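Where a number appears in this text, it was derived from the coordinates with a stated rule and is not lab data. Being a predicted model, the structure only gives us computed values, none of them experimental. Using ideal geometry, Cβ is built from the backbone for each residue, glycine included, and neighbour counts are taken over all protein chains shown.
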Amino acid sequence: MTTYLIGDLHGCYNELVSMLKKINFNYTKDMLWITGDIIARGPDSIKLLYFLYDIRHSIKLVLGNHDLYFIALSVGIKHKYNLYDQELLFLLKQPHILDIINNWLKFQPLIQYNIKKKFLMTHAGITPQWNSLKIVLASAREVEQIISSHNSKEFFSYLYHYPQVTDWDNNQLQGFPRYSFIINSFTNMRYCYSNGTLEMLSKDVPEKVTSLLKPWFLMNNILYKKYKIFFGHWSTLQGKYTPKNIIGLDTGCCWGHKLTLFSLEEKKFFYLKCHHT
């Protein structure tokens with residue numbers, strides 16, 4: 001069995017299939033770990049959703065910010081400023097898509113991990129304000145239970161209509177503000193202030209951002225040295241800037257750049273040129 005990890009797919013169905021052919025992916029033995037954001041932006045979100053659901057026993061997925069918003073739309077939440085509403089609402093009208101959301105997508109975790117092989121995968125990373133794996137996993141479980149429940153609408157309404165919570169406050173947060181911070185840490189963060197508080201606006205590469213900010217992966221945290229961490233979400237990095245033990249896999253396939261895959265056992269990268277604009 002080979003473990004492969006791949007960056008954000010964003011509806012790039014043809015590129016994913018081509019990559020799996022390139023590595024001779026064995027659907028009965030190999031496992032494909034996906035950093036989330038499987039829909040929106042790219043051309044074939046419908047095909048990709050159907051395909052991933054068909055091969056669901058051969059993949060490990062984490063939810064990304066686009067996936068969460070898709071789930072929110074499916075329960076009736078709408079944020080009027082989201083640029084992708086029309087595309088995602090169109091997806092929701094397709095046959096069996098709601099079944100895929102309700103039977104599979106909303107049950108996907110915020111973190112995947114392998115303790116024996118000492119690696120973790122989330123969509124955006126691991127916030128420097130969490131310095132133990134116990135806290136990381138417990139925080140993920142708190143929100144996963146709400147996302148997959150029949151009472152998630154109130155949670156999503158808070159998430160998309162109230163200010164984002166950016167400080168863990170030494171584990172003193174409670175209720176929806178606590179869940180907001182957990183979601184931001186797993187699916188939205190890129191930069192932090194020196195005290196670890198999340199800064200939610202900046203997306204550019206480090207040299208183009210104020211020196212008051214640091215990428216989360218350059219902050220001090222014992223987990224960053226103890227585990228290999230894979231993440232997506234931040235395509236402008238193009239797989240650069242991170243320490244050796246932290247690997248960014250989103251290289252902007254949906255923007256016409258490349259799709260990146262890493263073979264864990266071989267310690268080898270594979271790349272595929274993409275053609276979207």
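Applying 0.36 nm per residue to the separation of Ser58 and Glu87 and subtracting their alpha-carbon distance, the gain on full extension is 7.7 nm.
Take the Cβ atoms of Asp169 and Ser132, set R0 to 22 Å, and the FRET efficiency comes out at 0.85. Taking amide H as placed 1.01 Å from N in the peptide plane, the amide H of Glu199 sits under 5 Å from that of Arg190, Tyr191, Cys192, Tyr193, each at least 5 places away or on another chain. If you wrap the tightest convex hull around every Cα atom of the chain and split its volume per residue, you get 126 Å³. Of the trypsin sites (Lys or Arg not before Pro) found in region 174-255, those in coil by DSSP whose Cβ has at most 11 other Cβ atoms within 10 Å are Lys240, Lys244. Distance between the 7 Å Cα→Cβ label points at Thr2 and Thr210: 4.6 nm.
Pairs spanning more than 18 Å between alpha-carbon atoms, out of Lys60/Lys153; Lys22/Lys273; Lys47/Lys203; Lys240/Lys267: Lys60/Lys153; Lys47/Lys203. A dipole drawn for region 3-273 from +1 and -1 charges on Cβ atoms has a positive end, and of Val165, Gly11, Phe90 the residue lying farthest that way is Gly11.
Under the convention that each Lys and Arg Cβ holds +1 and each Asp and Glu Cβ holds -1, the size of the dipole of region 84-169 around its Cα centre is about 500 debye. Each residue of region 18-35 is assigned a 3J(HN,Hα), and the resulting list reads 5, 5, 5, 5, 4, 9, 6, 4, 9, 5, 8, 10, 7, 10, 10, 9, 10, 7 Hz, derived from the Karplus form 6.51 cos²θ - 1.76 cosθ + 1.60 (θ = phi - 60°), x at Gly and Pro. Pick out, from Ser152, Ile101, His257, the residue whose Cα sits farthest towards the positive end of the charge dipole of the chain, with +1 on the Cβ of Lys and Arg and -1 on the Cβ of Asp and Glu. Positive-end residue among those listed: His257.
With a cut-off of 13 Å between beta carbons, the residues surrounding Thr166 carry a summed charge of -1, where Lys and Arg count +1 and Asp and Glu -1.
Distance between the C-alpha centres of region 154-181 and region 184-240: 19 Å, rounded to the whole angstrom.
Modelled this way, with points 7 Å down the Cα-to-C-beta line, the labels at Glu154 and Lys78 are 2.4 nm from one another. With all pairs of separate Cα atoms included, region 67-178 yields a Kirkwood hydrodynamic radius of 15.7 Å.
Modelled label positions at Trp255 and His96, each set 7 Å beyond Cα in the direction of Cβ, lie 3.4 nm from each other.
Of all DSSP-defined beta bridges confined to the chain, some 55% are antiparallel rather than parallel. Here region 141-277 carries DSSP beta bridges of which approximately 75% are antiparallel, counting only pairs with both residues inside.
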